Amino acid sequence: MRAGRTGAALAACGAAAFAVATPAALGDGRAKTRIEIKKLTHSGASGVLKSGKEACLGGRKVSLFRLDDFVSVKIEITKSNRKGKWKTHKSLRDGQYFAKVDGTKRCRYDVSPKKSL
């Protein structure tokens with residue numbers, strides 16, 4: 001009988017470990033978000049967010065960065081409109097730029113590909 005109890009205990013521990021590990025293996029349940037820089041000029045930048053969830057488009061914090069010798073310099077922070085469009089009005093100099101959208105409870109963060117000015 002003792003072996004039966006040990007086997008049952010091990011099976012229960014295995015089931016508990018599987019239940020804990022499964023959400024991480026399947027993802028965190030937040031919707032994917034993609035960010036793009038569509039336009040980059042000396043007078044600013046603009047772009048768009050894309051997501052399968054409409055709630056992940058509007059009011060998101062977007063940061064624009066410039067790469068200076070392998071260091072990311074934050075240029076400006078803005079928010080996206082309800083359609084996922086965002087825009088900055090900061091004077092920009094020549095260089096490589098990228099944008100980042102912060103994650104929320106329901107939406108994942110993303111970083112755009114680099115774009116040169």
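The values are calculated or read from the model by the stated rules, or taken from the named source; none is laboratory data. Because the structure is predicted, anything quoted here is derived from the model rather than measured. All Cβ positions, even for glycine, are placed from backbone atoms using ideal geometry, and neighbour counts span all protein chains on display.
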Regarding K61, is this residue surrounded by 15 or more Cβ atoms within 10 Å (Cβ to Cβ) and among the charged types (D, E, K, R)? yes
Could you look through the stretch 20-55, keep only residues that are farther than 18 Å from I77 by Cβ and of a type in the set (V, I, T), and pick out the one that is modelled with the lowest pLDDT? T22
Leading residue by the ranking (farthest from A45 (Cα to Cα)) among those in the stretch 73-117 that are surrounded by 13 or more Cβ atoms within 10 Å (Cβ to Cβ) and of a type in the set (S, T, Y): T104
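Okay, residues lined up against (1) over 19 Å from K39 (Cβ atoms); (2) modelled with pLDDT of 95 or more; (3) among the aromatic types (F, W, Y):
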{"site": "V71", "(1), (2), (3)": "yes, no, no"}
{"site": "K79", "(1), (2), (3)": "no, yes, no"}
{"site": "W86", "(1), (2), (3)": "no, yes, yes"}
{"site": "Q96", "(1), (2), (3)": "no, yes, no"}
{"site": "K100", "(1), (2), (3)": "no, yes, no"}
{"site": "T104", "(1), (2), (3)": "yes, no, no"}
{"site": "D110", "(1), (2), (3)": "no, yes, no"}
{"site": "P113", "(1), (2), (3)": "no, yes, no"}
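If I ask for residues that are more than 14 Å from the chain's Cα centre (by Cα) and not basic (K, R), which ones from the stretch 34-54 would you list? Write out each step before concluding.
Within the stretch 34-54, the first condition is being more than 14 Å from the chain's Cα centre (by Cα), and the residues that meet it are 37-47, 54.
I37, L40, T41, H42, S43, G44, A45, S46, G47, E54 - these are the residues of the stretch 34-54 that are more than 14 Å from the chain's Cα centre (by Cα) and not basic (K, R).
For the stretch 96-110, how many residues are of a type in the set (S, T, Y) and closer than 23 Å to F70 by Cβ? Even if it seems obvious, please write down each step before you answer.
Let us first name the residues in the stretch 96-110 that are of a type in the set (S, T, Y), namely 97, 104, 109.
Within this subset, residues satisfying the condition of being closer than 23 Å to F70 by Cβ are 97, 109.
Counting residues in the stretch 96-110 that are of a type in the set (S, T, Y) and closer than 23 Å to F70 by Cβ gives 2.
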Enumeration of residues in the stretch 40-79 that are in a strand (DSSP E or B), of a type in the set (A, V, I, L, M, F, W, C) and either touching a residue at least 24 places away in the same chain (Cβ under 8 Å) or more than 18 Å from S116 (Cβ to Cβ) (or both): L40, A45, V48, L49, V62, L64, F65, L67, I77
